[in-house]
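Down below is the structure, laid out as structure tokens.
What follows draws every value from the coordinates through simple rules; no lab data is involved. Note that the structure is a prediction, hence the values are computed from the model and not measured. Please note: Cβ atoms are built from the backbone with ideal geometry, for glycine as well, and neighbour counts cover all protein chains shown.
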Amino acid sequence: MDTQNIKKINFGTKSQLAKLIASENITVQHNQVKTASFDTLNRILTLPIFKVQSGDVYDMLIAHECAHALWTPTDGWAKIADDNELRSYVNVLEDCRIDKKIQKKYPGVVRNYLNGFDIMNDQDFFGIKDKDINNDLMLIDKINLYYKSSKRLPFMFAPEDKLWLSKVDNLKSFDDVVDLAKLLLNWQKKQIKKMKKLPGFDNHILVENYKLSDEKSDNNVNSKDVKDSDKQDSQSESSNDTNDGDSKSEQEDTKESDDKTKENDIGATNPDGAGGKGGVKPGLTAITDKTYELAKEKLLDTETRFTYINLPEPNLDKIIYSNKKWLETWKNYRFERLYGSKDRRIKYLNWLKNDFTKFKNDNKKTVMYLVKEFEMKKSATAYKRATTSKTGIIDPLKLSSYKYNDDIFKKLTILPDAKNHGMIMLLDWSGSMADVIKQTVDQLLNLIWFCQKINIPYEVYLFTSEVFTTQRGDRSQRHDLLNGSWNYKHGDGMFENFNLINVASHKMKKLQLDESLMYLYHLGIEYEDRYSRMRGDYREDRGDEMGSPSEFYLGTTPLNESLVVMNKLVPMFKKKYNIEKLTFITLTDGASNSNYYIGAIENTEEGLQQSKADSGTPVIKVGKKQYSLGKSFYGNVTPLLLNVLKDQHGINTIGFYLAKRIRSWDYDRFIDRKKYKDWSARHEQQLKIKKQFNKEKCAIVNKEGYNKYFIINGKTMKVENADLTAVNDNMKVGKIKSIFSKSMKGRIVSRTLLNKFIDEVA
């Protein structure tokens, strides 16, 4: 058997295979268990983890375990728990029954069974190496190997044996298996009793293999069993099965298994089971089955552990802070604040309205330029996919060329249907964003106006922890399991309580949207002043700043929580507005809050409680798919959740990383260390990113979970509009040209985020 071209084992792939085998609407889990089990209440199939190199072996084992879990009743085993010999016979015959069923239902695993058996037999998993399978084994072991090999091993069955095989072929239920196992076992005991009367019995190979001279074995062969067998199967009794072939084969099998057990020290690891504690017990048990089960036990992975986690159901009513509520909070706050330095605050509000209007007007040309670029690039993309076909109508202008050119028909260019675009934007509203909030907000406003201009549905959210803690008045309540952002159930992953503030939406009326964006613009100004050199130095032309409601203070970074909620909001958004291409954007200056507490929720007698994930590698379940976080899962939650969004909903993910300081090690975090292992290769990549960053004011890097990820200097990405008032009639043409050139360069280059964004979206 060629074992060179073996398949690598991938738990995700194998889980998919198991799901197929186990049928629909079943959750499949791999864990540290010896045998498969099926929770009928929760419809959870738990499978062992095997350490094998061959994909065929793994698939065969998984198929077999699935079959056991689905069709072998656990209560049936309990009834025969104390009878090792009967259990052994039942196990062999049940394997025959369920393997036949699984191969019939899923023909694709037939090949896995064929190849898997050959590989395991080559490695002597059954203890029959260099043995005569026809003379050294009892009938139960012949049956075991015959069916496990898919009837390919060269057995020479006696006519009486074939009668038993026909009964095995006709097994329908587990009860049928138990009944036949009793018949076969009692028949075998009767044959052994007859053999003991023959001369030279003690030297027979079966005696050694099956320990038939053992006193205990004699006791097992009782007259009642024999009588029962006589009554139930007269046909089998009358058959001549005392030939050396059968007897010898039954004996030699035990010898081979015994030798194998001693050679590999397999029995020492078997706690009980078919072989019993401390190794293979003597008697009429199927020795090839015992050897196989003990060898298979060594394939069990005792180190790998998984913790299976569901994404919790978000309580949208508590999480979403609507744009209506956002505006109401600002209005109430304004009225409260106006009692005091009323005149100066009114002065600030007037200044804010004027400054915001000026900012909006100054950026109209830039937005229109971007709209034009978007339409051009979208059209260019459409034409790349366009097809040209002949119409069947003759083109009069080409008639003159008919003698040397048969292409005289008019042509029609067919453009593919344009896709309906949509956009969801998430802005990091955490404390670390304070010194780049103004620049980020300015860019975000342009994105919003861009969406307005091209008339696509959009939603803009700030993700923050402050609304919840302000409302509850207790920061320790961030992990409240009962009254927070999540409707937890048993097995859910645990996340922080947080909020998404909907500051802008295509559904808002123009006046409402302008007012909402003005307040967002104000927050940018407030934090810029607060963290700039001018901190505390209020300008006379502004009056006293308005401040901001405590709900909108900068907090922590619940990005992962936001992504979990997006798994709920994205499909709703796409369905409602018939979105074909959804662009999902995050604007942040760093990683999400650490989800070290992502362990599953447990429903105990005391109520819902947190269970740490240190019991195994977390695997997040979404629908019928599973996503592993890996061993070092702390920093892997965000890319995994982004991949879930892409995989489940087919969205385009764009990330903007707002860097404060750009150093060589800042670039290094975005270099794939698996691809660039040595320092010199990584350093070369650092220089490439740095060169691109210095030239274009941003750099495109690979970031797991994102289709495109941009590093942007947060402190230099401020939207600037060049001052052209210096141009006058006395200037030379060259000077005017230079001013205009710098103006256009400033307008476009300073809008780095928007330009790169257009390339990706269109």
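At what distance in angstrom do the alpha carbon centres of the range 680-701 and the range 39-88 lie from each other? Value for the Cα centre distance between the two parts: 54 Å. Extension gain, Asp301 to Asn203, is 31.1 nm, computed as 0.36 nm per intervening residue step minus the present C-alpha separation.
Under the simplified labelling scheme, the Arg530-Arg111 pair shows an inter-label distance of 6.3 nm, with each label point 7 Å from Cα along Cα→Cβ.
With a Förster radius of 41 Å applied to the beta-carbon distance between Lys365 and Asn643, the computed FRET efficiency rounds to 0.60. Each of Met518, Met425 was scored by other Cβ atoms within 10 Å of its Cβ. Arranged with the fewest first, they read Met518, Met425. Taking the number of Cβ atoms within 10 Å of each Cβ as an exposure proxy, the fewest-first ranking of Lys703, Lys695 is Lys695, Lys703.
With respect to the cross-link table entries Lys358/Lys575; Lys79/Lys290; Lys51/Lys148, which display a Cα-Cα separation exceeding 26 Å?
Values: Lys358/Lys575 37 Å; Lys79/Lys290 20 Å; Lys51/Lys148 20 Å.
In this structure, Lys358/Lys575 lie more than 26 Å apart at Cα.
The length gained by stretching the chain between Asp678 and Met156 to full extension, at 0.36 nm per residue less their Cα-Cα distance, is 181.7 nm.
When the listed pairs Lys453/Lys581; Lys318/Lys703; Lys353/Lys510; Lys129/Lys296; Lys131/Lys190; Lys331/Lys509 are checked against a 20 Å cut-off, the alpha-carbon distance exceeds it for Lys318/Lys703; Lys131/Lys190. Highest-first packing order for the peptide set 100-106, 185-191, 650-656 is 185-191, 650-656, 100-106, based on the mean count of other beta carbon atoms within 10 Å. If I take R0 = 51 Å and measure r between the Cβ atoms of Lys325 and Lys34 in this structure, what FRET efficiency does the formula 1/(1 + (r/R0)^6) give, to the nearest 0.05? Step by step, r from the Cβ atoms, then E = 0.40.
Applying 0.36 nm per residue to the separation of Gln512 and Asp132 and subtracting their alpha-carbon distance, the gain on full extension is 127.9 nm. Between Lys660 and Lys625, the C-beta separation translates, for a Förster distance of 51 Å, into a calculated FRET efficiency of about 0.85.
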